[in-house]
Each structure stands twice: as C-alpha cells, then as structure tokens.
Amino acid sequence: MQNIKKWLPLCFLIIIIILFYFFNLLNYFSLSFLQQEHQLLKAKVAEHFFLSLILFGGVYIIVAATSLPIAAFLTILGGFLFGPFISLVVIDISATVGATILFLAVKATLGDLLQKKATPWVKKMEKGFQENATSYLLSIRLVPLFPFWAVTVASALLGMNVRSFFLATLVGIIPGTLVYSLVGNGLGALLEKGQTPDLRIIFSPEIFLPLLGLALLSLLPILYKKGKNKNGNTKS
C-alpha cells in the first residue's frame, strides 16, 4: 500500500498531461489565440487583478510540474498582463514550486528504483554530482539549452537534496524569465499591428552570451575546489 501511495503524485501529473492533450487545450495557449483575445484578457485582469494573479500563478505551477510545452508563452503572457517585474516574481516562485513538485514525485518513485539497481559507476557519478549539485544546476538553469523538465528529472535521479534544488532553480531561472517577461511587456504594441514576438530571442547573441557568462561564473566554485584538491594532493 505504501508503494502505491508514493506513485500517486506522479500518476496524477501524468493524468493532467493526458487531459490537456485530450481536450486540445494547446489551442488556448498560442499567440494566435492571444491575438484575438488580448483586449478581453487585459480588461478582465484590470477588473480582477489579484484574483487573476493567483489564478495565473496556479496555472504556472501546474505547467511547471507537468512540463507542458507552454511555459514560454505563459511567461510572455504574464509580462503582457501584469508587467515585467510583478510577473517575474510570480513566475519565478510558481515555476520553482511546480518544478519541486515534479522533483519530489520523481525522487520518491524513480529515484528509489534507481538507487536499488544502481551500478558502482552510477553511484560514483551521483556522488560527483551531489558534491557540487547547486553550482551544476544553477549553471544549467541560467543557460536554457536543456528542457526544463529533463533537468528536473535528472536532478531527482542523481539524488540532489530538495533545498539545493529549490534554491538553484529559484535563482537560475530569473534571467531567462525576465527576458520573456520584458518581451511580453511590449507585446501590446505588436498585437495591435498584427505582429507576434520572436520566441527565439533568448538565443540571440546579445542575450545568450551574457547568460552563458553567468553560467560559467556559477561554475567557478567547482573549478576552485578541484584546483585546491589537486594542489593539496600534489603537496602530499
């Protein structure tokens, strides 16, 4: 019975994903739909600002926990509806909470399974990751080259502790979230002209290179530790 209970959260997330595609909800999270309904959405948010903010945060938690492919759109929508800085705070917290839910669900199920069947090589890899987990995860979150969900699942499977995961995710997604929120903040003018933003903007050199620089900076503690250990071993 205990084994069944620990699988329930992961099964619940899978059911949400199935229902999302079954009811074809992806059509409601597209720039073409926003093009048609942006004035109505703006009016509703102005009328019920705090309720809209809570609802938006709740939806974002679900999206982050289930890894539905609409996070970039929601981030732009948040910037459009609430402004870049309010949306940054709400999205940063909501995305981190959602990712942590997925992290815990995977850790309690697949993580335990991996631990039981892990080979010595896998255990050695886990140990190496855990020693510098925060810096590794922070650098990966800063440069969004890998799918958000894949990084979350990998962190759970490699035995990262939940506190480090939460903090590294909370800090690491701030720059990328801010970029898309700022894009959303200027979305009104584009929509009025019948245009849509370029979602690949985060990979433009003027944005991507500074993010890469931040990621490399976050790896400095690891390089310093390795250099220190190497020198210590040499002296001995």
Which condition breaks for Asn24 when tested against (1) on the phi < 0 side of the Ramachandran plot; (2) open to solvent by 60 Å² or more (accessible area, probe 1.4 Å)? (1)
Go through (1) open to solvent by less than 60 Å² (accessible area, probe 1.4 Å); (2) of a type outside the set (Val, Ile, Thr); (3) within 25 Å of Leu167 (Cα to Cα); (4) under 20 Å from the mean Cα position of the chain (by Cα) and name the single condition Phe29 misses. (3)
For the range 143-170, which positions are surrounded by 17 or more Cβ atoms within 10 Å (Cβ to Cβ) and within 14 Å of Ala95 (Cβ to Cβ)? Pro144, Phe148, Trp149, Val151, Thr152, Phe165, Ala168, Thr169, Leu170
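Here's the yes/no breakdown for (1) in contact with a helix residue (DSSP H, G or I) (Cβ under 7 Å, 6 or more places away or on another chain); (2) among the aromatic types (Phe, Trp, Tyr); (3) modelled with pLDDT under 95:
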| site | (1), (2), (3) |
| --- | --- |
| Lys5 | no, no, yes |
| Phe22 | no, yes, no |
| Gln36 | no, no, yes |
| Gln39 | no, no, yes |
| Lys44 | yes, no, no |
| Leu53 | yes, no, no |
| Leu68 | yes, no, no |
| Val89 | no, no, no |
Selection within the range 93-129 - more than 16 Å from Val153 (Cβ to Cβ), at pLDDT below 75 and polar (S, T, N, Q): Thr119
Residue pairs, Cβ under 7 Å, 6 or more apart or interchain, first in the range 22-36 and over 16 Å from Phe80 (Cα atoms), second open to solvent by 70 Å² or more (accessible area, probe 1.4 Å). List them. none
The listed residue being under 20 Å from Leu13 (Cα atoms), out of contact with any strand residue (DSSP E or B) (no Cβ under 9 Å at 6 or more places or on another chain) and without any contact (Cβ under 8 Å) to a residue 24 or more places away in the chain, out of Leu51, Leu55, Leu102: Leu55
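The values are calculated or read from the model by the stated rules, or taken from the named source; none is laboratory data. Note that the structure is predicted; figures quoted are calculated from it, not measured. Because the Cβ atoms are built from the backbone with ideal geometry, glycine has one as well, and the counts that use them run over all protein chains shown. Note: areas computed on protein heavy atoms with side chains; ligands, DNA, RNA excluded. Shrake-Rupley method; radii C 1.70, N 1.55, O 1.52, S 1.80 Å.
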